[in-house]
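Below is one structure, written out as structure tokens; comments come after it.
The values are calculated or read from the model by the stated rules, or taken from the named source; none is laboratory data. A quick note: this is a predicted structure, and the numbers were derived from the prediction, not measured. Ideal geometry is used to build each Cβ from the backbone, glycine not excepted, and the neighbour counts take in all protein chains shown.
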Amino acid sequence: MTTKKKPDHGRIPVEAAVNMQDVVTVNVGSKPEKYIVHSGIISNTSKFFNNCLKPAWSASHATGDIDLTDEDPVIFGIYLNWVYCKTLPTIITGDGTDGPGEYDTLSECYVMGERLFDIDFKNDVMDAFVEAMHRHPFDCHRSSRTGPVDIIYGGTPEGSPARRLIVEL
């Protein structure tokens, strides 16, 4: 007779709970949009945010805000959606020509994950890229002027898994 393990329903030790009162302001974009995010959540998978929230870093920044002025607020919004909900709102519905736009968006998401040192996010973006290929086969000639190839190669280091995926396509 086999016994099934009972689910723990997400139970964790009390001391492992995220402090939902600690927040940080992240300013995103050239005309900064302010995002108020929970420190314990934003730093959970991102080494960048984890380092930014250490006392040594915050002591050297007067406001305590984190500035991401080189980032796109739309892509950061997708990142936050993933951080909080573990979903990627990148599917562009329409007349069936949405594949190239989604590839560009996913490529930009991957590059942001690279900058934020968030391996889990990058892995989920890669999985989404593969899923998108099943709906709309990748064709770099149909993509926008600054398509996925340019975005990935312009924002990732040599040997990046995303570069390998693009080459395999």
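Considering only residues that are of a type outside the set (Phe, Trp, Tyr) and assigned to a helix (DSSP H, G or I), look in region 66-79 and name the one that is nearest to Gly155 (Cα to Cα). Steps first, answer last, please.
Let us first name the residues in region 66-79 that are of a type outside the set (Phe, Trp, Tyr), namely 66-75, 77-78.
Add one more test, that the residue is assigned to a helix (DSSP H, G or I), and what stays is 73-75, 77-78.
Working: Pro73: 17, Val74: 17, Ile75: 14, Gly77: 19, Ile78: 18 Å.
My answer is Ile75.
The C-beta contact set for region 102-130 (first residue in contact (Cβ under 8 Å) with a residue 12 or more places away in the chain, second residue in a helix (DSSP H, G or I) and of a type in the set (Lys, Arg), distance under 7 angstrom, 6+ apart or interchain) comprises Tyr110/Lys122; Gly113/Lys122; Glu114/Lys122; Phe117/Lys47.
Scan Thr63, Thr25 and give me the residue that is outside any strand (DSSP E or B), farther than 18 Å from Glu108 by Cα and among the hydroxyl-bearing types (Ser, Thr, Tyr). Break it down into steps so the answer makes sense when it comes.
Working: Thr25 fails: outside any strand (DSSP E or B).
Exactly one residue qualifies, and that residue is Thr63.
Evaluation of Asn51 against the conditions (1) of a type outside the set (Gly, Ala, Ser); (2) crowded, with 19+ Cβ neighbours inside 10 Å; (3) at pLDDT below 95 shows that the sole unmet condition is (2). Taking first residues from region 72-91 that are in contact (Cβ under 8 Å) with a residue 40 or more places away in the chain and more than 17 Å from Ser46 (Cα to Cα) and partners that are assigned to a helix (DSSP H, G or I) and of a type in the set (Lys, Arg), no Cβ contact under 7 Å between residues at least 6 apart in sequence or on separate chains turns up. Here Thr63 meets each of (1) under 19 Å from Gly113 (Cα atoms); (2) loosely packed, with under 11 Cβ neighbours inside 10 Å; (3) not charged (D, E, K, R) with one exception, condition (1).
Each row is one residue, and each column tells you yes or no for (1) in a helix (DSSP H, G or I); (2) modelled with pLDDT of 95 or more; (3) closer than 20 Å to Met126 by Cα.
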residue: Trp57; (1), (2), (3): yes, no, no
residue: Asn81; (1), (2), (3): yes, yes, yes
residue: Thr90; (1), (2), (3): no, no, yes
residue: Gly96; (1), (2), (3): no, no, no
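Within region 144-158, one or more residues are closer than 22 Å to Thr45 by Cα, outside any helix (DSSP H, G or I) and at pLDDT 80 or above.
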